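Coordinate-derived values only; no laboratory data. Computed from a predicted structure; not experimentally measured. Because the Cβ atoms are built from the backbone with ideal geometry, glycine has one as well, and the counts that use them run over all protein chains shown.
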């Protein structure tokens, strides 16, 4: 039988050690999931759990990539343009292209990218 | 995303806890705030991967906050489509993982599967996994057979639980963060019972054990 006490303690340290059981509020995640489409009906209790961790990974990856752009520009402040550049440079973030080019006058001056992809608005 | 943003908050069909509707009603910009993750949480996660001296502009914070919501919607839409194709009503964790893999986030699958496993073990997975029997596998429809791997979730360990792959790849490492491939999971059986699972053991021969080559 698994040793609940020890095992849980190890796991709790791994997951819950830093920010509590889930970094991101599950109810909020569920709301956002529901907004993704009119035909989203039911969501299992575990799906937001997965998202809470996935969003953490996502934020980490996007932030790290953006920070690399910041460093290339020899700066210490991470700006929206750095995020935009990271989006441009990463295939799996293509779904964000519209978002990072919106509401910014089309100004995406990626610090170290070749041609700015000026996305028409 | 087609049809997003119309009608805002739907009724809580899922019936599960939805936080604090009363509190939400008391705030003025509830609709705006409900669209995003709390910015404090976002910032905290960002800081985990940034050096101490790094500064973050406000517009960067907001942009990432928006990107997270976009990410959730993006994945959920794909997962939802799969549910509809398979005529299931409930988006499961497995659907979410499948969608993430399909949309290119397969690097996340392993840590997420681990995370889910831990959650189930800690919280008592009364939510739906099947106890005491091997969980069936679900073949997901990838056109490419070499990527036809479904994230598997470990079943709750019955006393004699052992799933050694016959070819003996690197052992199962229970602890978080060190998946050396070779994970075998019973398949999550689908919350509403209608899932597209086939009742068979995980296909061991020829199975791509590690997640690293699990890329399209």
What shape does the range B:32-128 have by the C-alpha gyration tensor, where a ≥ b ≥ c are the square roots of the eigenvalues, rounded means a/c under 1.5, and otherwise prolate means a/b greater than b/c and oblate the rest?
prolate
Pop a pseudo-label 7 angstrom from the Cα along the beta-carbon direction at both residue A:39 and residue B:49 and give the gap in nm to one decimal.
3.3 nm
Quick check: convex hull of the Cα atoms in the range B:84-123, volume per residue, rounded to a whole Å³?
62 Å³
Residue B:86 to residue A:91: FRET efficiency via 1/(1 + (r/R0)^6), r the Cβ-Cβ distance, R0 25 Å, to the nearest 0.05?
0.35
Binned Cα-Cα distances of the range A:26-103, short to long, each 10 Å bin given as a whole percent
17, 36, 32, 12, 2
Part-to-part distance (alpha-carbon centres) for the range B:35-110 and the range A:83-100, which is given in Å
14 Å
